[in-house]
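Here's the structure we're looking at; comments come further down.
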Amino acid sequence: MMNLRFFYQGVDIDERTQEYILKRLERIEKLVDPVSEFEVEIDMDKKGKFRVEIMVKTPHDLFRSEETSESIEGSTDIAIDEMEIQIGKKRTRSHDLKIRGSRSIKKNTVLDDSARF
């Protein structure tokens, strides 16, 4: 169960659209900590386009993506795809730093000739 808040500004969202957004957010929920907070903000600009902003607050990071298009579903899809890329880059970077650190430790470790390995 995710911690989720919706904000609507000048837009009425039906149940089907809200379920669609929840279904798409489940993809991101698998990638982040279970204690993460999700915020979805939906509003309509003067030209009639929908802006969807998604923020995910994890204990150590904040991920944010925003998209404006003709439909709420289209904006949601693009924003979630951007969010997945951001989270993937962060996970890959932290994994690479751990590997690099362990290589550095191994390289700098000196063993005595009398050590039994």
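The values are calculated or read from the model by the stated rules, or taken from the named source; none is laboratory data. Values in this document were obtained by computation on a predicted structure and should not be read as measured data. Neighbour counts are summed over all protein chains in view; Cβ atoms, including those assigned to glycine, are modelled from backbone coordinates with ideal geometry.
Residues in the stretch 33-60 that are under 13 Å from the mean Cα position of the chain (by Cα) and closer than 16 Å to ALA79 by Cα: PHE38, GLU39, VAL40, GLU53, ILE54, MET55, VAL56, LYS57.
Residues that are within 27 Å of ASP14 (Cβ to Cβ), free of Cβ contacts under 8 Å to residues at least 60 places away in the same chain and not in a strand (DSSP E or B) do occur in the stretch 83-104. Within the stretch 13-32, being under 12 Å from the mean Cα position of the chain (by Cα) and farther than 13 Å from THR76 by Cα holds for GLU29, LYS30, LEU31, VAL32. Taking the criterion of being more than 17 Å from ARG5 (Cα to Cα) and surrounded by 15 or more Cβ atoms within 10 Å (Cβ to Cβ), the residues of the stretch 50-73 that qualify are PHE50, GLU67, THR68, SER69, GLU73. In the stretch 10-43, the qualifying residues are those that are at pLDDT below 90 and not charged (D, E, K, R), and the one that is surrounded by the most Cβ atoms within 10 Å (Cβ to Cβ) is VAL32.
Looking across ILE13, ILE78, one residue alone is closer than 27 Å to ARG93 by Cβ and without any contact (Cβ under 8 Å) to a residue 60 or more places away in the chain. It is ILE78.
Would you pick out the residues in the stretch 10-60 that are touching a Lys or Arg at 6+ places or on another chain (Cβ under 9 Å), part of a strand (DSSP E or B) and over 14 Å from ASP81 (Cα atoms)? Hits for the stretch 10-60 are GLU37, PHE38, GLU39, VAL40, GLU41, ILE42, ASP43, MET44. The lone criterion from (1) farther than 18 Å from VAL32 by Cβ; (2) among the polar types (S, T, N, Q); (3) in a helix (DSSP H, G or I) left unmet by THR76 is number (1).
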